[in-house]
Structures are given as C-alpha cells and as structure tokens.
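Heads up: the structure comes next, in structure tokens.
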Amino acid sequence: MAVALITWPVKADDYRMIPFKELPQTARELIENYFSQSEVSYTTAKRSLLEREYKVYLADGGTISFDRNGRWSEIDCGRGELPEEMIPASIREELRKHFPEGRIREVERTRKGFEVKFRNGPEAEFDRRGRVIKVDD
C-alpha cells in the first residue's frame, strides 16, 4: 500500500505587499473615513491555512491591522492620534473618568475586550462592556 504525502508551500508568516484596493471594503472605508489625513505608505496581507490578516502602514508611522473581514484588530497611531470614534462609547466614558488627560497611542481588540495604551505610559484593559479590568502604570 502506497501512502502519498501532500505538503503545502505556505509559511506561517508570509506577508506580501498588496494594492490598497485589495483590502476588504470595510477596511478601506475605515481608513478613508478616519485616517484620510494620513497617507498610506503600503499594505500587506498575511495568509495562513486558517486565517488571513491585513496590515496598513501609514506615512506618519501608524499601522492598522485587520482580520479577514476588514474588522480592525489593532491600531497604532504612530505620531498621530486615535480618532475618538474608534473606541466604543462605553470605553470612551470610562477613559474620560479615569484618564481625562490620556492621549491614546494604541488600541487592540483582545479576546476579553480591548487594551488601550496611552502616550504618557499607562495601559488599561477593558472588558467587552467597557469596564476597566486592569491598569498598568
């Protein structure tokens, strides 16, 4: 009995450059609506056997990561500022209460909710309902 092995020539971290127009429409709209003042330097796609990920690099040093459907997973503003509307309303309220002077540098969707990093150093984690879970100075 002969056994045939099939191998897949796919590496786990294969990023390739793609044209902006190849991003999912949701991702393109987010960039056009919230980051239109920033120039897009280039875009990449990463494909593995189970998922696809996109990353957009902005001229101001920022990066935005998206899942296969164009939903943002992480935003690093580089030298820019995160548009307030990018944060869910419940978390915005908590940020105003607990971090009134905080300027957001980075936000990431996590399995638990959201992680927010500020320019002046602290980090905060929020659950999906917007409640503060953890604060690191």
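Table for the structure above
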| read-out | value |
| --- | --- |
| Extreme residue, surrounded by the most Cβ atoms within 10 Å (Cβ to Cβ), among residues of region 21-61 that are charged (D, E, K, R) and part of a strand (DSSP E or B) | Lys55 |
| Positions within region 111-130 being touching a strand residue (DSSP E or B) at 6+ places or on another chain (Cβ under 7 Å) and not aromatic (Phe, Trp, Tyr), in sequence order | Lys112, Gly113, Glu115, Val116, Lys117, Arg119, Pro122, Glu123, Ala124, Glu125, Asp127, Arg128 |
| Filtered residues of region 90-137 (kept if among the hydrophobic types (A, V, I, L, M, F, W, C) and in a loop (DSSP other than H, G, I, E, B)) | Phe99 |
| Matching residues in region 95-126 - criterion: being loosely packed, with under 14 Cβ neighbours inside 10 Å and touching a residue at least 24 places away in the same chain (Cβ under 8 Å) | His98 |
| Matching residues, region 88-133, being acidic (Asp, Glu) and over 19 Å from the mean Cα position of the chain (by Cα) | Glu93, Glu94, Glu101 |
| Tally, over region 74-89, of residues that are surrounded by 15 or more Cβ atoms within 10 Å (Cβ to Cβ) and within 18 Å of Glu125 (Cβ to Cβ) | 7 |
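Per-residue answers, yes or no, for (1) modelled with pLDDT under 85; (2) out of contact with any Cys (no Cβ under 7 Å at 6 or more places or on another chain); (3) in the same structural domain as Asp137 (by TED's automatic domain parsing); (4) not aromatic (Phe, Trp, Tyr):
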{"site": "Ala59", "(1), (2), (3), (4)": "no, yes, no, yes"}
{"site": "Gly70", "(1), (2), (3), (4)": "no, yes, no, yes"}
{"site": "Pro88", "(1), (2), (3), (4)": "no, yes, yes, yes"}
{"site": "Glu93", "(1), (2), (3), (4)": "no, yes, yes, yes"}
{"site": "Pro100", "(1), (2), (3), (4)": "yes, yes, yes, yes"}
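The values are calculated or read from the model by the stated rules, or taken from the named source; none is laboratory data. As the structure is a prediction and not an experimental result, all values here were calculated from the model. With ideal geometry, Cβ positions are generated from the backbone for all residues, glycine too; neighbour counts draw on all protein chains shown.
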